[in-house]
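Enquirer: First the structure, then my questions, so here it is.
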Amino acid sequence: MSSAEPISLYVHIPFCETKCPYCDFNTYAAIEPLMPTYVAALKSEIALWGSLLDGPEVHTVFFGGGTPSYLPSEDIRHTMKAITTAFNLAPCAEVTLEANPGDFTADKLAAYLDCGINRLSIGIQSFDDDLLQTLGRRHNAADAVHAYRQAADAGFENISIDLMYGLPYQNIQQWQSTLAQALELAPPHISMYCLTLEGGTPMERWVDQGSMPTPDADLAADMYLMAQDEMRHGRYRHYEISNWAQPGRRSQHNLTYWRNDPYLGVGPGAHSYLGDCRFSAIKSPREYIRRMQSVSPDSCGEPMRAMISSVPVVDEIEQIDTPLEMAETMMMGLRLDEGIGIAGFKERFGEPPSHFYADTLDELERLELLHTQEDALRLTHRGRMLGNEVFSRFFN
Amino acid sequence: MMCDPRLGCPPPVERLYGYVPNASDVSYLTTVSLRRHPFYPKGLLHRTTSSRGFPEERVRNFSIVAHVDHGKSTLADRLLETTGVIEEGRQVLDHLPVERERGITVKAQSASMVHLHRGHRYLLNLIDTPGHVTSATKCLALWQPLRELCYWWMLNRVFKLKLWLISCSPLRQTSQLFLSSTRLIFLSPTLRESMSSYTTSLDSVLKRAYSPSGSRDKPLCVLLFDSWYDHYRGVVCVVAVKDGSIGVGDEVSSYHTGLSYEVAEVGLLQTKRVPIPRLYSGQVGYVLLGMRNSTEAHVGDTFYHTGSKVTPLPGFIAAKPMVFAGFYPMDQSEYPVLRTALEKLTLNDSSVSVFQDSSVALGQGWRLGFLGLLHMDVFRQRLEEEFDASILVTTPSVPYKVVFRDGSEQTFLNPAQFPEEVYTVEEFREPVVLGTLVTPDEHLGKLLSLCQDRRGVQQELVYMDQSKVLLKYTLPLSEVVIDFNDQVKSLSSGYASFDYEEHGYEPAPLVKLDVMLNGRVVDALASVVHRDKAYSTGKTICGKLKDNIHRQLFEVAIQAAIGKRIIARETVKALRKNVTAKCYGGDITRKMKLLRKQKEGKKKMKQIGNVELSKDAFLSVIQR
């Protein structure tokens, strides 16, 4: 099948030098020997999808993980080559690579630019050295700033940084200082995430056992409000619950998720949403490699689900029917400051949101979590903070 | 018969192996010796078809008394191994899952074994007593009239005597239990661990225990001391024959119920039933009477041949419930399941009293009376495990009375029935009991405080002898039904005893305690309390709700009130932040699952005005 709509492409790199104690992503330390076979398998999968989907147009690419910058730059180059061969990469496509401040060298950065990467996302997390140690990061604040400047000097214009708040031991002054330093650096895009303790992580265990204090939810709320206030001093638009961008610098790749538009994920544990199916790949890198090694490309032109199942690395498939697609569009779209465009929704689903969600929307308005304007539905300030309370109401 | 009397008594194990084996050797030795030794072939009694060859002087009845956890059942198992009744290593006498799990014995049973001593075969009956306080007392008091039960006390390692009955002077114990004429054997820790000691111990039982004092020639007199329900055969009665003999086909009657039965089967208990033609005086075993309802089998009852004269054995005890609780199905749709489960389980345990009950919030249910908290816990566990029932256990209510100005009276159980117009009420009354406590004087102070705390009024305080005190207190029933007896036992380390009888009603200033959430009254959480207890009860309820009501979009004000007067209050702060930080490709499926679950959770909540009340929060207040 040929996809009429351009899709976003996500590439998963499951390697890290060390694993951070709060992380529950599908990534592993100490499996470096798998890198070569992994890259080969990745290229295989990309080629397979290219042929199955008949060379669709790709408007954003995102290298995530794990630590993509931990891979040798040659491998990134090879992968980009495979992508441009298999897919129709748009000329002004946004191509992002996630990076760890400890990995930057001038050579690497030059190589990235050369093979088509035009955006970097740097995982800084904090400008406080003590907190960085608590988080188990392998860089300090000075390294982070240095890395940022290196990237800017090398020629990257579109750089994003990640920050975290709601951390154990973090007080509001430390957060304020981090915000100040971030504003001074003035990157085009900033993501700020509240720490979530995920089950099975060392950090969750420490908090459970009492050797680490439980993060204070009210303090986290205050930190979020502070971030909102401080960011107004820069030229940032708070365009999504956890993301701020200067004009023209919103993350195009992530907007795909929030607009509930189609995307393909390649690599172990990667998630995709094509046609009416949301599916994910097998998580284990070893198994991923093994399965890709045994593949032979098959016929196209089958219904979406059957076609997807023919890719051996696909693990879980979920079929999204229209009501669910609608509910998810509402939930994801409300995260954006542009909200849910009424016209766009009507075009996609045939009727405006009020047709399907009259009661829910009324209740949310009454609770002052949402407001309806002429052109769009948007969350109020309070609605942003209590997003889950809003979103869960869209399920029937 | 394998055992040749001319060979005499088997040599002690040391002579066989040249050393005294230690504990870890025991099971190995048991295996070896039982297989090779000619004197204890397995299944000795299984081949015996009659117990006629055991006259009273060749019978001994004994019991092992020990605190919960002291390895009494293990000892019993070792004895059964030694005498060839069971295979080594099996634990047989505790057979309910709850018993194995909690390491306690719930049902008392006997096991018969044959011991060879100096060329003679003796029939030894081990009576297994439950370890927890209430039942053991009753068990022992039961046997007292037979006067032939030898008690075997177990002491623990460091002689720090945890035995609930032991004190520094055993005689004191015996006087408390009226067992002055009974023989005692003390088992020390070292003895317990070596195998030869088991044989020696059995020898001591022979020497120290009295042989039963009854006679085969007298008219039949049988003591019933336990029963259980068998699905196929009906009630199995565990009995001790005092006089005469009982056999298949005999017509017998119960002294206390007056009902008559035909004996269908008679036999010995050796981890399973071993039928024999007759049981003779002094012997212990079981009878099957074709009884279909275990409420007919009263512990302590006397059976005799229908038509003949008999003096009933003393010691008939009607079990008096000490702890009450409301038992409700989690969901009214499960009421029939729970009702069936209760019927079946009470067949097996006739010491549970059952009354119908109902509640505004929970619908139809029961109020059950138990002998103690442990009894209740075990009962609940059995209901849940054996019948797959899901149960809500609530603090029980007592029936209150209201006397109106116009003279009419009304009894009510439910807070919903509390009279609205208080001006029509002349007075309220609550049920009281007359409690009798007997305690050693060193625990007197604590027990006096307890009674004081529970709004007791002292009626009598008398020293029975130098160290024992008798107390009589009138106590409100509502203060007794929850855990009074267990408190008495725990404050006195098990030495004090408590009994009670109904004592009518007395005036009491009762109030209705309401619970409100953001100004709205929650009917299901209302309760009726004594005015003096209103504040502490209100505070406790508010505290529990505060801990269990989740933070919501608005602040939740929890209030306990009497009429319009607020007497306690707590607040749950409004929720400020509840949003998933990250929402990218890989997060979406998981996030949707989470939100869906939250939505489902919301459906299960009860909406009280603008407050969402979860089932757990609700249960935290009404559950025991």
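Enquirer: Once neighbouring chains are kept in place and the probe is 1.4 Å, which whole percent of the accessible area of the stretch B:456-521 is contributed by carbon and sulfur?
Expert: Numbers: 1390 of 3070 Å².
Here carbon and sulfur together make up 45 percent of the probe-accessible area.
Enquirer: How big is the dipole moment of the stretch B:476-624 about its Cα centre under a simple scheme where the beta carbon of each Lys and Arg is +1, that of each Asp and Glu is -1, and everything else is neutral? Debye, nearest 20, please. Before the final figure, lay out the partial values.
Expert: Numbers: 28 positive and 17 negative charges, 353 e Å.
So the dipole magnitude of the stretch B:476-624 works out to roughly 1700 debye.
Enquirer: Separate question: Where in the stretch A:7-89 are there GluC sites (Glu not before Pro) that are in a DSSP coil and have at most 16 other Cβ atoms within 10 angstrom of their Cβ?
Expert: Working: sites: A:Glu17, A:Glu45, A:Glu57, A:Glu74; in loops: A:Glu17.
Here the sparse-neighbourhood loop sites are A:Glu17.
Enquirer: Okay, moving on. Between B:Glu555 and A:His146, what is the label-to-label distance in nm when each label sits 7 Å out along the Cα-to-Cβ direction?
Expert: 5.1 nm
Enquirer: Using a 1.4 Å probe on the protein chains only, how many percent of the accessible area of the stretch A:1-134 belongs to carbon and sulfur? Intermediate results must be reported in sequence, preceding the final value.
Expert: Details: 2600 of 4810 Å².
Answer for the stretch A:1-134: carbon and sulfur cover 54 percent of the accessible area.
Enquirer: Compute the distance in nm between two label points, each set 7 Å from the Cα along the Cα-to-Cβ direction, one at B:Lys218 and one at B:Ser493.
Expert: Placing both labels 7 Å beyond Cα along the Cβ direction yields 4.0 nm.
Enquirer: Tell me the chymotrypsin sites (Phe, Trp or Tyr not before Pro) within the stretch B:231-296 that lie in a loop according to DSSP and have at most 14 other beta-carbon atoms within 10 Å. Spell out each step's value before the answer.
Expert: Numbers: sites: B:Tyr232, B:Tyr255, B:Tyr261, B:Tyr280, B:Tyr286; in loops: B:Tyr232, B:Tyr255.
In loop regions of the stretch B:231-296 (DSSP not H, G, I, E or B), the sparsely surrounded chymotrypsin sites (Phe, Trp or Tyr not before Pro) are B:Tyr232.
Enquirer: Enumerate by residue number the trypsin sites (Lys or Arg not before Pro) in the stretch A:198-242 meeting two conditions: DSSP loop (anything except H, G, I, E, B), and at most 16 other Cβ atoms within 10 Å of the site's Cβ. Could you put the intermediate results ahead of the total?
Expert: On the way: sites: A:Arg205, A:Arg232, A:Arg235, A:Arg237; in loops: A:Arg232, A:Arg235.
For trypsin sites (Lys or Arg not before Pro) across the stretch A:198-242 that sit outside H, G, I, E and B with at most 16 neighbouring Cβ atoms in 10 Å, the list reads A:Arg232, A:Arg235.
Enquirer: Can I ask one more? Beyond 15 Å, what percent of the Cα pairs of the stretch A:159-201 remain? Each step should come with its number before you reach the end.
Expert: On the way: 429 of 903 pairs.
More than 15 Å apart: 48 percent of the Cα pairs in the stretch A:159-201.
Enquirer: Right, another one. Using the Kirkwood radius over Cα pairs, work out the Stokes-Einstein diffusion coefficient for the stretch A:323-395 at 25 °C and 0.890 mPa s, in µm²/s as a whole number.
Expert: After rounding, the answer is 206 µm²/s.
Enquirer: Of the peptides A:269-282, B:576-589, how do they stack up when ordered by the mean number of other Cβ atoms within 10 Å, highest first?
Expert: Numbers: A:269-282: 21.9, B:576-589: 19.5.
Top to bottom by mean Cβ count within 10 Å: A:269-282, B:576-589.
Enquirer: Calculate the FRET efficiency for B:Thr411 and B:Ala264 from the Cβ-Cβ distance with a Förster distance of 45 Å, rounded to the nearest 0.05. Before the final figure, lay out each step's value.
Expert: Working: r = 45 Å, r/R0 = 1.01.
Computed FRET efficiency for B:Thr411 and B:Ala264: 0.50.
Enquirer: Related question: Using only atoms on other chains, find how many Cβ atoms lie within 10 Å of each Cβ of peptide B:591-600 and report the average. The partial results should precede the final answer.
Expert: Working: counts 5, 11, 1, 3, 12, 5, 2, 6, 6, 2.
Per residue, the average neighbour count from other chains is 5.
Enquirer: With θ taken as phi - 60° and the coefficients 6.51, -1.76 and 1.60, list the Karplus ³J(HN,Hα) couplings across the stretch A:236-248 in order, rounded to whole Hz; mark glycine and proline as x.
Expert: Once rounded to whole Hz, the list reads 9, 10, 7, 8, 9, 2, 10, 9, 10, 9, 6, x, x.
Enquirer: A further question on this structure: With θ set to phi - 60°, apply the Karplus curve 6.51 cos²θ - 1.76 cosθ + 1.60 along the stretch A:281-288 and write out the HN-Hα couplings as whole Hz, x wherever there is a Gly or Pro.
Expert: Each residue's phi maps through the Karplus curve to give 9, 4, 7, 5, x, 5, 5, 4 Hz.
Enquirer: Nearest 0.05, what FRET efficiency do B:Glu460 and B:Lys599 give at R0 = 60 Å with Cβ-Cβ as r?
Expert: The value I calculate is 0.40.
Enquirer: Per residue, what accessible area does chain A have, given a 1.4 Å probe and all protein chains present, in Å²? Walk me through the intermediate numbers first.
Expert: Values: 15900 Å² over 396 residues.
Per residue, chain A has an accessible area of 40 Å².
Enquirer: Here's something else I'd like to know. Taking a label point 7 Å from the Cα of A:Arg286 along the Cα→Cβ vector, which residues of the stretch A:19-62 have an amide N closer than 12 Å to it?
Expert: Counting backbone N atoms under 12 Å from the label point, the list is A:31, A:34.
Enquirer: In the stretch A:260-279, what residues drop by 10 Å² or more in accessible surface going from the chain by itself to the full protein assembly, probe 1.4 Å?
Expert: The answer is A:Tyr263, A:His271, A:Arg278.
Enquirer: Roughly what would the spin-label model give for B:Arg531 and B:Glu343, points 7 Å off Cα along C-beta, in nm?
Expert: Each label point is offset 7 Å from its Cα along the Cβ direction, giving 4.7 nm.
Enquirer: Need one value for A:321-332: mean number of C-beta atoms belonging to other chains within 10 Å of its residues' C-beta atoms.
Expert: Values: counts 0, 0, 0, 2, 0, 0, 3, 5, 0, 0, 6, 4.
Per residue, the average neighbour count from other chains is 2.
Enquirer: What do you get for Rg/Rh over chain A if you use C-alpha atoms and the Kirkwood form of Rh?
Expert: Details: Rg = 21.3 Å, Rh = 22.3 Å.
Result for chain A is an Rg/Rh of 0.96.
Enquirer: Still on this structure, I have one more. Residues of A:379-387, mean number of Cβ from any other protein chain within 10 Å of their own Cβ, rounded to a whole number? Please report the intermediate quantities before stating the final value.
Expert: Working: counts 1, 0, 0, 3, 1, 2, 5, 7, 7.
Per residue, the average neighbour count from other chains is 3.
Enquirer: Name the long-range amide H neighbours of A:Ser160: under 5 Å, sequence gap of 5 or more, or other chain; modelled H, no Pro or chain starts.
Expert: Long-range HN contacts for A:Ser160: A:Leu120, A:Ser121, A:Ile122.
Enquirer: Buried accessible area for the B:A pair, summed, 1.4 Å probe, in Å² rounded to 100? Could the numbers behind the result be given before it?
Expert: Details: alone 29640 and 17480 Å², together 43780 Å².
So the buried area, both faces added, is about 3300 Å².
Enquirer: Can you give the FRET efficiency for A:Met226 and A:Glu198, using 1/(1 + (r/R0)^6), R0 = 25 Å, r = Cβ-Cβ distance, to the nearest 0.05? Numbers along the way, then the final one.
Expert: Details: r = 25 Å, r/R0 = 0.98.
Approximately 0.50, to the nearest 0.05.
Enquirer: Report in % the part of the accessible area of the stretch A:247-396 that belongs to carbon and sulfur, leaving out ligands and nucleic acids; probe 1.4 Å.
Expert: The C+S portion of the solvent-accessible surface of the stretch A:247-396 is 45 percent.
Enquirer: For a quick check: with amide H placed at 1.01 Å from N, whose amide H comes under 5 Å from A:Leu369's, ignoring anything fewer than 5 positions away on the same chain?
Expert: none
Enquirer: Counting Lys and Arg as +1 and Asp and Glu as -1, what is the net charge of the other residues whose Cβ lies under 13 Å from the Cβ of B:Gln623? Please report the intermediate quantities before stating the final value.
Expert: Details: positive: B:Arg380, B:Lys544, B:Lys615, B:Arg624; negative: B:Asp616.
Taking every Cβ under 13 Å from that of B:Gln623, the sum is +3.
Enquirer: Put +1 on the Cβ of each Lys and Arg and -1 on the Cβ of each Asp and Glu in the stretch A:7-258; which of A:Ala47, A:Val145, A:Val207 then has its Cα farthest toward the positive end of the dipole?
Expert: It is A:Ala47.
Enquirer: Output the direction-averaged projected area (hull surface divided by four) of the convex hull of the alpha-carbon atoms of the stretch A:240-396, in nm².
Expert: On the way: hull surface 45.5 nm².
Its average projected convex-hull area is 11.4 nm².
Enquirer: Continuing with the same structure: Sum up the charges of everything whose Cβ sits under 11 Å from the Cβ of B:His120, counting Lys and Arg as +1 and Asp and Glu as -1, but leave B:His120 out. Walk me through the intermediate numbers first.
Expert: Working: positive: B:Arg58, B:Arg118, B:Arg121; negative: B:Glu57.
Within the 11 Å Cβ shell, the charges total +2.
Enquirer: Applying the Karplus parametrisation 6.51 cos²θ - 1.76 cosθ + 1.60 with θ = phi - 60° to the phi angles of the stretch A:376-388, what ³J(HN,Hα) value in whole Hz is obtained for each residue in order, glycine and proline being reported as x?
Expert: Listing the rounded values in order: 7, 9, 9, 6, 7, 4, 5, x, 5, 5, 10, x, 4 Hz.
Enquirer: To continue, here is another question. Quick one: which residues, 5 or more positions from B:Ser110 or on another chain, have an amide H under 5 Å from its amide H? H modelled 1.01 Å from N in the peptide plane, none for Pro or chain starts.
Expert: B:Asp128
The values are calculated or read from the model by the stated rules, or taken from the named source; none is laboratory data. Everything numeric in this text was worked out from a predicted model, so none of it was measured. Here Cβ is always computed from backbone atoms with ideal geometry, including for glycine, and neighbour counts include all displayed protein chains. Side chains included, ligands, DNA and RNA excluded: accessible areas come from the protein's heavy atoms. Shrake-Rupley method; radii C 1.70, N 1.55, O 1.52, S 1.80 Å.
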